[in-house]
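Below: the structure, in structure tokens.
The values are calculated or read from the model by the stated rules, or taken from the named source; none is laboratory data. Everything numeric here is computed off the predicted structure, so don't read it as measured data. Positions of Cβ are backbone-derived with ideal geometry, glycine not excepted, and every protein chain shown enters the neighbour counts. With ligands, DNA and RNA removed, areas are computed over all heavy atoms of the protein, side chains included. Shrake-Rupley method; radii C 1.70, N 1.55, O 1.52, S 1.80 Å.
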Amino acid sequence: MAYSVLGRAGPPQPRRARRLLFAFTLSLSCTYLCYSLLCCCDDLGRSRLLGAPRCLRGPSAGGQKLLQKSRPCDPPGPTPSEPGAPSAPAGAAAAAPAPRLSSSNHSGSPKLGTKRLPQALIVGVKKGGTRAVLEFIRVHPDVRALGTEPHFFDRNYGRGLDWYRSLMPRTLESQITLEKTPSYFVTQEAPRRIFNMSRDTKLIVVVRNPVTRAISDYTQTLSKKPDIPTFEGLSFRNRTLGLVDASWNAIRIGMYALHLESWLRYFPLAQIHFVSGERLITDPAGEMARVQDFLGIKRLITDKHFYFNKTKGFPCLKKPESSLLPRCLGKSKGRTHVQIDPEVIDQLREFYRPYNIKFYETVGQDFRWE
């Protein structure tokens, strides 16, 4: 019998060899496990290890809470084993994921249009019927209009075009952006400023018998300031001599030929459309047909959109397919005018006559105000 140096019988046990073998096996198993997790795990495993957004495959416990924080998974595409699945060519790279819709709004659909500078302006005149034209043309689906008067080209020009654009409604490429500020027509700087914005801007001017317009203007002012002087007192520098006070704004606005000269320095006459305030009352569909032609849009606003309100004395809008009552302009429209001495009216007609004739000749249209 053989004896070891230590005096113990039997061959030595290979403990160290077993430990090395166990360590090698464990290391190999861990390496394989990591490789499997990185390359072969499902979407949820990938999202946890690689930081991709988590997704949900379907209803599960606590689903309501998870849905608030997780996005839904993309629907799985067909696998090669499924019928109808296209086979990838040999050596082809993996297909790129399908593009997602822009998440610019909550619905996932693109925003409805863009804010643009107006392509058309209703530039005048005050108390001529500009509000009626604005409300009538807004019925058209190809027109989006600002409801308030921004007074950009007369009072707020210093705020800049970006501020002006921010006020506009959103429009599609096929739609026209429109705004109305009647004081532009009598503002000396307005034509140049509008031209600098765009020389292609289309301009609409609603004109009315200047005597009637002045009385309407005075009536509106009187409703706000009951203590102002009489219409006769404001209209004349010397009534006995028939000297009209052209510095009074209510009189000066009606000198249309004078104001038009400033516009024709920058815009051709073909780019300016004149609406008759009188015909807008007696034939609204006809006047709006010409406005639609000028803007280059279809004649969708027709006589079926109007109802004449005898109380107010002008047309109201109605939707042909609706059973609702027609929608009329506000209480400030259709006021009863103050009574003016007929002799004063005759004197003002004589004052305006040369301006009216020149205006007719310039625009090539007789408005029959005499």
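In this rough spin-label picture, where each label sits 7 Å from Cα along the Cβ direction, the residue 279-residue 309 distance is 2.4 nm. Extending 7 Å from Cα along the Cβ direction at residue 230 and again at residue 343 yields two label points whose distance is 1.1 nm. Computed extension length for residue 245-residue 114: 42.5 nm, one decimal, from 0.36 nm per residue of separation with the Cα-Cα distance subtracted. For segment 195-249, the normalised intensity computed at q = 0.20, 0.31 Å⁻¹ comes to -0.80, -1.26 (log10 of I(q)/I(0), Debye sum over alpha carbons, equal scatterers, no solvent).
Remark: segment 110-180 carries a charge dipole of roughly 160 debye about the Cα centre, counting +1 on each Lys and Arg Cβ and -1 on each Asp and Glu Cβ.
Based on the mean of other beta carbon atoms within 10 Å per residue, what is the order of 113-126, 227-240, most packed first? Each step should come with its number before you reach the end.
Details: 113-126: 21.0, 227-240: 13.6.
In descending order of packing, they fall as 113-126, 227-240.
Checking the cross-link pairs 127/318; 180/318; 318/358; 115/225 against a 29 Å limit on the alpha carbon distance flags 318/358; 115/225 as lying beyond it.
Annotation: amide H of residue 244 within the under-5 Å range of 237, sequence separation 5 or more or interchain, hydrogens built in the peptide plane.
Given N residues in segment 115-267, what is its alpha carbon radius of gyration divided by 2.2 N^0.38 Å? Before the final figure, lay out each step's value.
Details: Rg = 17.2 Å, N = 153, 2.2 N^0.38 = 14.9 Å.
Against the empirical 2.2 N^0.38 Å value, I get 1.15 for segment 115-267.
Each of 307, 266 has its accessible area taken with a 1.4 Å probe; listed largest first, they run 307, 266. For residue 176, the amide hydrogen comes within under 5 Å of the amide hydrogens of 143, 144, counting only partners 5 or more places away or on other chains and with H modelled in the peptide plane. Less than 5 angstrom separates the built amide H of residue 275 from those of 205, 206, 207, all sequence-distant by 5 or more or on a different chain.
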